[in-house]
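Read through the structure below, which is laid out as structure tokens, and then see the notes.
The values are calculated or read from the model by the stated rules, or taken from the named source; none is laboratory data. In this text, all values refer to a predicted model and were calculated from it rather than measured experimentally. Quick reminder, even Gly has a Cβ in these numbers, built from the backbone with ideal geometry, and neighbours come from all protein chains shown. Ligands, DNA and RNA are stripped out before the accessible areas are found, and what is left, the full protein with its side chains, is counted by its heavy atoms. Shrake-Rupley method; radii C 1.70, N 1.55, O 1.52, S 1.80 Å.
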Amino acid sequence: MKNILVTGACGQIGSELVEKLREKYGNENVVATGHKTPPTEKMRKAGPFEYIDVVRKEEIANVVKKYDIGTIYHMGAILSAVGEQKPQLAFNVNLIGLYNVLKVGREQKLERIMVPSSIAAFGPDTPKDNTPNETILRPTTMYGVTKVAGELLGDYYFHKFGVDVRGMRFPGIISSETLPGGGTTDYAVAIYYEAIKNKRYTCFVREDTVLPMMYMPDATKALMDLAEADVSKLKHHCDFNVNAMSFSAGELAASIKKHIPEFVCEYKPDYRQEIADSWPRSLNDSAARKEWGWKPKYDLPAMTKDMLEKLSKKLK
Ligand code: AKB
């Protein structure tokens, strides 16, 4: 088997994905790459690390050649909230960056490219509950626009050039290891940190805002399972809905309060409310379940218990 490269390896999903991939395929066989954020001591010591800017195609091409890469997990991206403030940056990183990865994939005949999409591919006209896999894709954020275009580009490369590109539409991802940066669903991570540190949190979306979410162990498993799925069973490629749990900000606060009774959450919606309101509340993921056996493990109570245990130790 050829080696694996992860872009965005110092980001929220990338950092945990690198660990899981190294556990499974061996430390030396998984090359972590980042743009500006330096890797943790642990990541750098465990295996190879390189800096690349995905906007520069030759930087990706050189690292792919140097390490005899067969699979890229392309996790480097600008998220929704930052994307609204810096649309040109989001366009460059998310779209030009992806296009470069796909071009390198074609030129160097990579075995597989994994590219996450997002619930941000949907928009205010999309059905909000049990959102079908095939539905209206009219996002109202730059991030969402790049995600729809990314899904289409990936499918185009699969059908036109035979590059095996795969991906799923991730909901908000919650993890105890690395903080997300610049997303609309970041409140669902910050709330746990603040509950432990200060017993208070001011949430930037309304109490009744319901969004789909997923715990990180399910997210890394989804990526690795889809990467290993039998291609002959896949009817979809870059646009699988994956559902895990849905809850309102108020329900999230209540689940924390069960463990920390003195915890108080206030709600002061800001510009991110409009973004959250444009996204679905839950997804129909029957295609992912049928085509590659997707099945999440964590619900809200199980996630809250695990998050609070892990963060209490970490923040001691
Ligand atoms: C964001 O909030 O921008 C991301 C996402 C849902 O893709 N977490």
Nearest 10, in degrees from 0 to 90: the angle of helix 216-228 to the longest Cα principal axis of the chain is 20
Rounded to whole Å², per residue accessible area for the chain with a 1.4 Å probe reads 44
Too long for a 25 Å Cα-Cα cut-off, among 295/316; 86/316; 199/314; 57/86; 57/290, are 295/316; 86/316; 57/290
Taking only C-alpha positions in the range 1-127, Rg and Dmax in angstrom work out to 14.7, 47
The long-range amide H neighbours of residue 247, using H built 1.01 Å from N in the peptide plane and a cut-off of under 5 Å, are 211, 213
Between the Cα axis of helix 57-66 and the main Cα principal axis of the chain, the angle (0 to 90°, nearest 10) is 70
Dipole check, the range 22-153, charges on Cβ (K,R +1; D,E -1), about Cα centroid: among 63, 114, 141 the Cα furthest to the positive pole belongs to 63
On the formula 1/(1 + (r/R0)^6), with r taken between the Cβ atoms of residue 62 and residue 233 and R0 of 30 Å, the FRET efficiency rounded to 0.05 is 0.30
Cα-based Rg and Dmax for the chain, in Å, come out at 18.7, 57
Protection proxy (average C-beta count within 10 Å per residue), highest first, orders 41-54, 147-160 as 147-160, 41-54
Counting only protein heavy atoms with a 1.4 Å probe and every protein chain in place, the carbon and sulfur fraction of the accessible surface of the chain in whole percent equals 52
Among 94, 243, 284, the residue with the largest mean-square fluctuation in a Gaussian network model of the chain built from Cα contacts under 10 Å is 284
Under 16 Å by backbone N from the virtual spin label 7 Å along Cα-to-Cβ at residue 264, the residues of the range 165-207 are 194-203
Stretched fully, the stretch from residue 198 through residue 40 gains (0.36 nm per residue minus C-alpha distance, one decimal, in nm) 54.3 nm
Surpassing 30 Å at the alpha-carbon level, of the pairs 24/65; 235/310; 2/160; 24/310; 20/235; 42/297, are 235/310
For the range 237-247, Karplus-derived ³J(HN,Hα) couplings (6.51, -1.76, 1.60; θ = phi - 60°; whole Hz; x for glycine and proline) come out as 10, 10, 9, 6, 5, 10, 10, 9, 8, 9, 7
